[in-house]
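The values are calculated or read from the model by the stated rules, or taken from the named source; none is laboratory data. The structure displayed is predicted, hence computed values, not measured ones. Glycine gets a Cβ as well: all are built from the backbone with ideal geometry, and neighbour counts include every protein chain shown. When the accessible area is computed, the model is the full protein with side chains, heavy atoms only, and any ligands, DNA or RNA have been set aside. Shrake-Rupley method; radii C 1.70, N 1.55, O 1.52, S 1.80 Å.
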Amino acid sequence: MSCRVSLLSYTPDPDKLVLSAARLCYSETSAEKLFENFEFKNPEKFILDLRQSGHLSTFEHASFTFTIDGLSRVASHQLVRHRIASFSQQSQRYVKMNKLEAVTPESISRNPDALKLYTEQIERSHESYVNLINMGIPAEDARFILPHSWETKIVMTMNARELHHFFSLRTCRRAQWEIQGLARRMLFLVRKAAPLLFNTAGPKCLISKCEEAHPCGRPYKNMDNLFELEDLN
């Protein structure tokens, strides 16, 4: 099952905000007037110059909040390593896992014998979880028997600077497949909300150059090539 991602909210006029904040650094005009009298001859180039010069503190003024459903705990453990972000995750202490909801890797789905073994183990784990709950074991202890594949729900907020960093790492082909899919969906959504800010966001093979010690050997040709891997509807 693919995780479901939506852009819940974001800073109004994020492109305009970041451009105005950057212009302030080189202007005698007040910040308020710069925002009110917004005018740029070539905003795309200005954003690109900020990105290439490393003047990314201005990107931190724009933040984006996502809802994520159906992500495995394998992937969520990777996600929370991005520490410049805010996370709220469904608690297995207070929410009982009454319904069997687990992510199945495609490599297992394609192999009938592997899928049978995997499904049996998932079902057995959940059955044991339910039995422990019925024995009076607290949910916070019964959850220990659930697998890493168990689905979770998260609300996450990142600023634009951290999102650029996140996309550079997690849209790379060498990232784990599940978080790759999450990152592609997120990038697709923010490019709609702030096209200028995220025009230069994505894997390093597209934006600059690959820095992996062991590259995949299959660099993306363009952004369409990146998005064609995902059902984004």
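Listed values, structure above:
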quantity: Relative contact order computed over the chain (Cα-Cα under 8 Å; 6+ residues apart), in percent; calculated: 26
quantity: Stretchable slack from Val155 to Asp49, in nm (0.36 nm times residue separation minus alpha-carbon distance); calculated: 35.0 nm
quantity: Cα-projected label distance for Asn131 with Ser86, points at 7 Å along beta-carbon direction, nm; calculated: 4.3
quantity: The chain: C-alpha pair distances exceeding 23 Å, %; calculated: 57
quantity: Accessible surface of the chain, 1.4 Å probe, proportion on carbon and sulfur as whole %; calculated: 50
quantity: With all protein chains modelled, accessible area of Lys99 [1.4 Å, Å²]; calculated: 140
quantity: Cβ-Cβ FRET estimate between Asn42 and Asp13, R0 fixed at 25 Å, reported to 0.05; calculated: 0.90
quantity: The chain - mean residue ellipticity at 222 nm from DSSP helices (-39,500 (n - 2.57) per run, n ≥ 4, rounded to 500); calculated: -12500 deg cm²/dmol
quantity: Solvent-accessible area per residue, Å², over region 79-190 with all protein chains present [probe radius 1.4 Å]; calculated: 55
quantity: Label-to-label distance, nm, for residues given as Asn222 and Glu106 (7 Å Cα→Cβ offset); calculated: 2.3
quantity: Fluctuation leader among Ser53, Ser88, Ser168 - the chain, Gaussian network, Cα springs under 10 angstrom; calculated: Ser53
quantity: Convex hull volume of region 152-233 per residue (C-alpha atoms, cubic angstrom); calculated: 109
quantity: Per-residue HN-Hα couplings for region 121-130 [Karplus 6.51, -1.76, 1.60; θ = phi - 60°; Hz; x = Gly/Pro]; calculated: 5, 4, 5, 5, 4, 5, 4, 5, 4, 4
quantity: The chain: Lys pairs at Cα distance under 29 angstrom, eight or more positions apart or on different chains; calculated: 28
quantity: Residue-count net charge about Met156 - beta-carbon cut-off 13 Å; Lys, Arg +1, Asp, Glu -1; calculated: +3
quantity: Region 9-24 - phi-based ³J(HN,Hα) in whole Hz, Karplus 6.51/-1.76/1.60, Gly and Pro as x; calculated: 7, 7, 4, x, 6, x, 4, 4, 5, 5, 5, 5, 5, 5, 5, 4
